[in-house]
Amino acid sequence: MAFLKRELHRQVKGPEITELDFWNLVFDTDTKRLYVEHEWSYLDSRIRGAADYRTDVMDIAEYLTQGGQTAGHRELWRLLRGIFKEQFEPEEYDRQAALSEQPPAQEVEQKSPSP
């Protein structure tokens with residue numbers, strides 16, 4: 001089972017109570033699933049080093065609709081725009097070039113014969 005991970009955001013709070021949050025974009029190569037993983041740990045040095053560690057998994061849409069606009073959200077949007085820009089850029093460029101060779105719609109209407 002192989003996982004490809006890319007960190008989206010990390011947040012560290014401390015010093016007496018330390019909270020670590022990591023958000024990763026994960027691709028599971030076995031199941032072909034792309035999702036966001038949130039890992040967090042909580043360490044309270046005041047209570048003999050009490051620690052808690054958890055992981056939560058969510059769909060990309062669920063992550064993007066969470067409240068607020070974090071650095072992790074911005075990074076994920078940047079990655080998604082990059083993927084789709086690379087995929088669709090040549091087609092979009094060709095469409096724009098083809099449209100620029102045609103006269104604007106107003107000129108076409110003015111040149112049509114009047115009844």
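Scanning region 28-49 for residues that are in contact (Cβ under 8 Å) with a residue 12 or more places away in the chain, in a strand (DSSP E or B) and either hydroxyl-bearing (S, T, Y) or over 21 Å from T70 (Cβ atoms) (or both) yields D28, Y35, S41, Y42, L43, D44. So which residues in region 22-38 are acidic (D, E) and under 17 Å from the mean Cα position of the chain (by Cα)? Once the filter is applied, which keeps residues that are acidic (D, E) and under 17 Å from the mean Cα position of the chain (by Cα), region 22-38 yields D28, E37. In region 1-21, the qualifying residues are those that are closer than 17 Å to Q69 by Cα and of a type in the set (D, E), and the one that is farthest from the chain's Cα centre (by Cα) is D21. Whether a residue is part of a helix (DSSP H, G or I) and modelled with pLDDT under 85 was assessed, and I83 passes this test.
One residue stands out in region 58-75 among those that are β-branched (V, I, T) and surrounded by 12 or more Cβ atoms within 10 Å (Cβ to Cβ): the one that is nearest to G14 (Cα to Cα), namely T70.
Do we have K13 as surrounded by fewer than 14 Cβ atoms within 10 Å (Cβ to Cβ), closer than 29 Å to I83 by Cα and out of contact with any Pro (no Cβ under 9 Å at 6 or more places or on another chain) here? Here the answer is no, as K13 does not meet what is asked.
The values are calculated or read from the model by the stated rules, or taken from the named source; none is laboratory data. Everything numeric here is computed off the predicted structure, so don't read it as measured data. Note: ideal-geometry Cβ built from the backbone for every residue, glycine included; neighbour counts use all protein chains shown.
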